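Peer 1: I'd like to ask some things about the structure below.
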Amino acid sequence: MADDSHIALPTSNSPPSSFISHFYPFATSPDIIRSHEKDAYLTGSLIQQSQGIVRALRGARYAHTHSDAIKHLTELLYFTLTTAIGNRTLGEEYCDLIQLEDDTLQLPSIGRRVGYILSSILVPWTLQRLLPTLRQKFRNKLERNIARIQLRAAKQAGLLHKPQFSTTPTKRPLFTKLRIQQYLLEHLDSITSLSPIYALSIATFYFTGSYYHLSKRLWRLRYVFTKKIDDNEQRIGYEVLGVL
């Protein structure tokens with residue numbers, strides 16, 4: 001498995017070609033989750049403090065109206081002052097983790113660090129604001145198309161002027177344009193939701209222990225565990241949770 005692989009990191013005061021003698025293993029899922037929970041706790045505390053400052057300056061109504069903006073801007077500030085400038089987050093320091101590029105096994109470049117921050121904070125925030133409007137436009141279009149198809153079918157059957165009754169059942173195709181659009185209209189919220197994608201990503205993480213965030217999978221960023229462990233010390237994962 002990939003989690004059993006070991007790599008070596010160059011020392012900060014030596015040329016890139018020289019490596020330290022200790023080989024660091026890739027971090028397992030418990031290490032990564034602990035780091036994430038620590039960062040989530042710290043950012044949650046910072047968000048509460050930021051909301052308190054905004055509430056004192058602009059009032060409770062303003063703070064409540066812009067709560068999402070305060071939350072995401074605080075997270076953006078936290079990761080800008082840590083990940084973006086090349087430092088570890090407090091959660092990564094707490095769990096002895098270092099982030100590396102999966103393909104080069106080097107410290108992440110500025111492009112990947114900034115790309116990770118934007119894709120993990122700003123992109124979901126933008127989608128959260130745009131999806132309701134796009135979903136409503138698509139719903140209105142589906143309703144108009146369904147009404148048009150039903151009206152055309154009623155005219156063809158002569159149901160608008162005189163009812164017709166038939167004792168022989170007519171066989172209808174399983175998939176029609178009307179049925180497909182009716183299904184899309186009925187399940188539009190779940191189809192356009194990102195939750196199934198996140199669920200699949202986190203289930204894959206529990207199996208492999210590689211990428212906790214979908215954005216880390218996109219930018220190929222992984223963690224190594226820098227604390228020296230004994231040879232008889234077992235590194236466990238959460239594969240059972242992946243099955244669940």
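Peer 1: Inside segment 46-68, can you point out the residues that are surrounded by fewer than 13 Cβ atoms within 10 Å (Cβ to Cβ) and among the small types (Gly, Ala, Ser)?
Peer 2: Gly52, Ala56, Gly59, Ala60
Peer 1: Applying the selection to segment 100-129, what residues are closer than 23 Å to His72 by Cβ and either touching a Phe, Trp or Tyr at 6+ places or on another chain (Cβ under 6 Å) or open to solvent by 90 Å² or more (accessible area, probe 1.4 Å) (or both)? Write out each step before concluding.
Peer 2: Looking only at segment 100-129, we keep the residues that are closer than 23 Å to His72 by Cβ, and these are 108, 110-129.
Ile110, Arg112, Gly115, Tyr116, Ile117, Gln128, Arg129 - these are the residues of segment 100-129 that are closer than 23 Å to His72 by Cβ and either touching a Phe, Trp or Tyr at 6+ places or on another chain (Cβ under 6 Å) or open to solvent by 90 Å² or more (accessible area, probe 1.4 Å) (or both).
Peer 1: Also, I was wondering about something else. Taking segment 26-77 on its own, how many of its residues are of a type in the set (Gly, Ala, Ser), touching a strand residue (DSSP E or B) at 6+ places or on another chain (Cβ under 6 Å) and assigned to a helix (DSSP H, G or I)? Walk me through it before giving the result.
Peer 2: Of all residues in segment 26-77, those of a type in the set (Gly, Ala, Ser) come to 27, 29, 35, 40, 44-45, 50, 52, 56, 59-60, 63, 67, 69.
From what is left, the residues that are touching a strand residue (DSSP E or B) at 6+ places or on another chain (Cβ under 6 Å) are 27, 35.
Cutting the leftovers down to assigned to a helix (DSSP H, G or I) gives us 35.
Count: 1.
Peer 1: Just to be sure before I move on: is Tyr94 touching a helix residue (DSSP H, G or I) at 6+ places or on another chain (Cβ under 8 Å), at pLDDT 95 or above and under 30 Å from Ile236 (Cβ atoms) in the structure I sent?
Peer 2: Details: touching a helix residue (DSSP H, G or I) at 6+ places or on another chain (Cβ under 8 Å): yes; at pLDDT 95 or above: no; under 30 Å from Ile236 (Cβ atoms): yes.
Taking the combined requirement at face value, the residue does not satisfy it.
Peer 1: Among the candidates Tyr223, Tyr212, which residue alone is over 12 Å from the mean Cα position of the chain (by Cα) and at pLDDT 85 or above?
Peer 2: Among Tyr223, Tyr212, only Tyr223 is over 12 Å from the mean Cα position of the chain (by Cα) and at pLDDT 85 or above.
Peer 1: Related question: Of all residues in segment 174-210, how many are closer than 30 Å to Asp31 by Cβ, open to solvent by 50 Å² or more (accessible area, probe 1.4 Å) and outside any helix (DSSP H, G or I)?
Peer 2: Going through segment 174-210 one residue at a time, the tally reaches 1.
Peer 1: The conditions are (1) more than 30 Å from Ile191 (Cα to Cα); (2) open to solvent by 30 Å² or more (accessible area, probe 1.4 Å), and Ala84 fails exactly one of them. Which is it?
Peer 2: (2)
The values are calculated or read from the model by the stated rules, or taken from the named source; none is laboratory data. Predicted, not measured: the structure shown is a model, and the values here were computed from it. For neighbour counting, all protein chains shown are included, and Cβ atoms are generated from backbone atoms with ideal geometry for every residue, glycine included. Please note that ligands, DNA and RNA were not included when accessible areas were found on the heavy atoms of the full protein model with its side chains. Shrake-Rupley method; radii C 1.70, N 1.55, O 1.52, S 1.80 Å.
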